[in-house]
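The structure under discussion appears below in the form of structure tokens.
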Amino acid sequence: MWTFLRRRSLTQWILAGMALGALVGWAAPDVGVSLQPLSTLFLRAIKSIIVPLVFSTLVGGIAGHGDDLRKVGRLALRSIVYFEVVTTLALVVGLVMVNLAQPGVGVAVSGAGGAASVGEARTTLASVLQHIVPQSFFEAASQNEVLQVVVWSILFGLGLTQVSGKPRETMVGFCAALAEVMFKFTGIVMKYAPIGVGAAIAFTVGHGGVRVLANLGAVILTLYAALVVFVLAVLVPIILVTRVPLRAFVRAIKEPALIAFSTASSEAAMPLAMERIEQMGVPRRIVAFVIPVGYSFNLDGSTLYLAVGSVFVAQAAGIHLSFGQQLVMMLTLMLTSKGVAGVPRAAIVILAATVASFGLPVEVVAVLLGVDQLMDMARTSINLVGNGLAACVMAKWEGEFVPPEASA
């Protein structure tokens, strides 16, 4: 019996935890809700890994290639261009799907007061730019502000390239050692993943109940269908064109994607995703830059959700938006959604702020709040898959993608 259990992979354990959690949440909702602390423990443990892992891998990657800063600059430029192109395609897919399905038509708007507090959070391009640079690294680290930590680490790494001799060797060696320890740390925490993931699913089902699936089922199905179309029409062609090994990528990303889906937390899956993508053959310096930066600039799933959600609000309110108005709204969403990955329920906050600025009733966003957890699970997993693929594509473009069998 013990031998059988030991042979099960982490994916199988996570799927088993998800199934058991869903069963508990359905059969005993009170018990499912009471299991939330088990999920919280898992999320807190994972979040404690993020800052030291991002700092050590990013600084080590930059300082380790400090003799060729053009390589770092080229990677940054290519990454940003790639992020903008893919997120724009995500907006297009979301816009097309929501106009075809029209999930908001006929929705009865009720509970309008629930979105008022959400709409108070306004995000502008100026506020995003001011938010990029931390006034204190330790403040950013304590709040898990990934974008701020990334920017500070880049500046620190560039400063370290200007240092020579033993001080530089000491810091680079420290970062390399810290990164190795944090990857081992991640492996230890992942042993608890099936319990944490199962508890998260039990809480979701127990808290919302099966009625959540029926309530606003059209918009949920529209989002999931749009995400499937995005994967098949955008991500898969990118894999084929850039010749990223499809099977190897699926094997590397499946477990982090399951964790992202079940916990609805990008941070919960990021350390494991970085480790698996590196094992796939992507150099650490590319993984350390692309994936953390992508969590602020390459949120494919969240961007697609914003397109679906904003037009849904207009449809539910009975307001017709011309094609031009929808395009302007999509451009606004593309700009204002950058750099807010650390905000809880960032997508719903940005959605409420944007629809208000376009004169749409913010109250309709309350309709989405009841099913946001289910939609957040899907968009978060696609965010993770998109960022993992971005790291692979950058490694291909840099000519540094080396599969394990090739290096052996």
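The values are calculated or read from the model by the stated rules, or taken from the named source; none is laboratory data. This one's a predicted model, so the numbers in the text were calculated from it and none came from an experiment. Cβ atoms come from the backbone with ideal geometry, glycine included; neighbour counts cover every protein chain shown. Note: areas computed on protein heavy atoms with side chains; ligands, DNA, RNA excluded. Shrake-Rupley method; radii C 1.70, N 1.55, O 1.52, S 1.80 Å.
Before anything else, pin down the relative contact order of the range 187-307: Cα pairs under 8 Å, at least 6 apart, normalised by residue count, whole percent.
Reported relative contact order: 27 percent.
Using the alpha carbons of the range 128-204, what is the convex hull volume per residue in cubic angstrom, as a whole number?
116 Å³
Let me know the volume per residue of the alpha-carbon convex hull for the range 256-298, in Å³.
62 Å³
Using the Kirkwood radius built from alpha carbon pairs, what does the Stokes-Einstein equation give as D for the range 213-330 at 20 °C and 1.002 mPa s, in µm² per second?
It diffuses with D of about 130 µm²/s by this estimate.
Please compute, for the alpha-carbon atoms of the range 139-269, the extent along each of the three principal axes and give them in descending order in Å.
Principal extents (Cα only, largest first): 64, 39, 27 Å.
Compute the FRET efficiency between Arg168 and Leu43 as 1/(1 + (r/R0)^6), taking r as their Cβ-Cβ distance and R0 = 30 Å, and round to the nearest 0.05.
The computed FRET efficiency comes out at 0.25.
Of the accessible area of the range 213-301, with the probe set at 1.4 angstrom, what percent is carbon plus sulfur?
68 percent
What accessible surface, in Å², does a 1.4 Å probe find on Leu232, ignoring ligands, DNA and RNA and rounding to the nearest 10?
110 Å²
At 1.567 mPa s and 4 °C, plugging the Kirkwood radius over alpha-carbon pairs of the range 27-91 into Stokes-Einstein gives what diffusion coefficient in µm²/s?
The estimated diffusion coefficient comes to 82 µm²/s.
Trypsin sites (Lys or Arg not before Pro) within the range 145-200: which are DSSP loop residues with at most 15 other Cβ atoms inside 10 Å?
Lys191
At 1.4 Å probe size, with no ligands or nucleic acids counted, give the accessible surface of Ile319 in Å², nearest ten.
Rounded to the nearest 10, the figure is 70 Å².
Accessible area per residue for the range 131-288 in Å², computed with a 1.4 Å probe and the full protein assembly in place, what is it?
45 Å²
Ordering Glu400, Glu139 from largest to smallest accessible area (1.4 angstrom probe), what's the sequence?
I get Glu139, Glu400, largest accessible area first.
Take the alpha carbon atoms of the range 44-104, find their center, do the same for the range 157-183, and report the distance between the two centers in whole angstrom.
Cα centres, the range 44-104 to the range 157-183: 23 Å.
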